[in-house]
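Visitor: Sharing a structure here in structure tokens format.
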Amino acid sequence: MAAGVDLYGDSEIAESFRHGDRPGRLDLGRQMGSPEDPALNEVYRRGSPVYRAERIEAPLLILHGRKDRRVVPLMTERMVEALEIEGKHHEVHWYEDEGHGWEKRENKRDAFNRIRSFLRRHVLDETDPGGEEPSPAGKTGRQGWMDR
């Protein structure tokens, strides 16, 4: 894989189950069962990328809303910490006024432009001369640091 994009992703599924909103817990429980079931511990761990950050080789763009109650921002913060510990190339952008997904038109456009620019740089190995620059709607992080 040449690059990856994580949209408000679940880096530690069992913790997300414990911290997330009720609809998210119900949905995850239907899909995987309860993380409180000891028989499912390994399944939840295998599905949680935070435990395999050392295996990530491609640059990763992470976009997440600070008001997300389905996959709380703590999940992205933990993933960024794991990537930093492992010295992995990543960029993170927070949308301060968004939850799980983008509601505001300017944030949808900004996310699209960030993804397009990131993939052009890392997959096509080119710059994005004709594209719009992402707006300053949120905060951006680069490898080695994260906005708080």
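Visitor: Under the condition of being without any contact (Cβ under 8 Å) to a residue 60 or more places away in the chain, open to solvent by 50 Å² or more (accessible area, probe 1.4 Å) and within 20 Å of Lys67 (Cβ to Cβ), which residue from segment 1-33 is nearest to the chain's Cα centre (by Cα)?
Guide: His19
Visitor: Just name the residue that is least open to solvent (accessible area, probe 1.4 Å) out of those in segment 38-56 that are without any contact (Cβ under 8 Å) to a residue 24 or more places away in the chain and under 13 Å from Lys88 (Cα atoms).
Guide: Arg52
Visitor: Criterion first (within 12 Å of the chain's Cα centre (by Cα), over 25 Å from Val123 (Cα atoms) and not aromatic (Phe, Trp, Tyr)) does Asp37 satisfy it?
Guide: no
Visitor: Which of the residues belonging to segment 106-125 are under 21 Å from Val71 (Cα atoms) and surrounded by fewer than 19 Cβ atoms within 10 Å (Cβ to Cβ)?
Guide: The answer is Lys108, Phe112, Ile115.
Visitor: OK, next. Given the options Leu83, Leu63, name the one that is at pLDDT 95 or above, buried (at least 20 other Cβ atoms within 10 Å of the Cβ) and not in a helix (DSSP H, G or I).
Guide: Leu63
The values are calculated or read from the model by the stated rules, or taken from the named source; none is laboratory data. The structure displayed is predicted, hence computed values, not measured ones. So basically every Cβ, Gly included, is an ideal-geometry build from the backbone, and we count neighbours across all protein chains shown. Note: areas computed on protein heavy atoms with side chains; ligands, DNA, RNA excluded. Shrake-Rupley method; radii C 1.70, N 1.55, O 1.52, S 1.80 Å.
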